[in-house]
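Coordinate-derived values only; no laboratory data. Remember, predicted model here, so these are calculated numbers, not experimental data. With ideal geometry, Cβ positions are generated from the backbone for all residues, glycine too; neighbour counts draw on all protein chains shown.
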Ligand SMILES: *[C@@H]1O[C@H](CO)[C@@H](O)[C@H](O)[C@H]1NC(C)=O
Ligand SMILES: *[C@@H]1O[C@H](CO)[C@@H](O)[C@H](O)[C@H]1NC(C)=O
């Protein structure tokens, strides 16, 4: 599904969110946390990603989040596929999605998610997932976010389209050296071919859409 279409589907949700902002149950409960722990400014996470419910397969994704440098990288290893896909997202809205043979450039109106992108999420209570005791939040019924009660690390997040991401490792401060962020020359050739859109692209774009959604809700409030 193309990102613009996803966004159109979200618009009714945004309207509802703007009309009725439900009280956060955590506020009444006392001990429950009000908001998810903000992301560290730099981290490396390995994400086990299950796309089978949204028409895709399984992936292992190395996620390098680098807010100070304004960039985010999903290094995507598809199951039983040798050639990884890079999705390099810059905060100016440009993304390069490439492998050894193909490249696509996508422009988004928003850039990399800020560390507090889950601010304003609605607390849904405690739930055990992947064997961890977690706090669970949702943001405009777009993402469901599980955070470990003890360590405050993210454990899992699910998107509304059925994509599930499980955090297998979470290394605060983990950075990737500059040379790996550079899009290859075939991204800049005049005849750069557009790769077919896959579930892969939808996966990473979802985080950018989350940002778009967050921005829209904030400006509507
Ligand atoms: C992937 O998700 C589907 C749908 O929730 C589930 O049935 C399946 O067991 C999951 N596969 C793995 C390997 O987690
Ligand atoms: C955004 O930044 C990247 C990386 O520096 C650059 O390649 C790209 O051309 C920039 N996009 C725009 C629209 O300036």
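Expected output is a single nm value to one decimal: the length gained when fully extending between residue 105 and residue 169, i.e. 0.36 nm times separation in residues minus the C-alpha distance. What is it?
Value of the extension gain: 20.1 nm.
Could you work out how much longer the chain between residue 37 and residue 57 gets when fully extended? Use 0.36 nm per residue separation minus the Cα distance between them, nm to one decimal.
4.2 nm
So how much slack lies between residue 182 and residue 151, counting 0.36 nm per residue of separation and subtracting their Cα-Cα distance, in nm?
Going from the current span to full extension adds 7.8 nm.
I need the Debye-formula profile for segment 105-155: one equal scatterer per C-alpha, no solvent, reported as log10 I(q)/I(0) at q = 0.25 1/Å, two decimals.
Per q value, in the given order, log10 I(q)/I(0) is -0.96.
Be a star and scan segment 138-160 for residues whose amide nitrogen sits under 12 Å from the point 7 Å along the Cα-to-Cβ vector of residue 127.
Once the point is set 7 Å along Cα→Cβ of residue 127, 138-139, 141-147, 156-160 turn out to lie under 12 Å by backbone N, inside segment 138-160.
Over segment 40-112, what lengths in whole Å, largest first, do the semi-axes of the equivalent ellipsoid take, defined as the square roots of 5 times the eigenvalues of the alpha-carbon gyration tensor?
Working: eigenvalues 91, 47, 27 Å².
After scaling each eigenvalue by five and taking roots: 21, 15, 12 Å.
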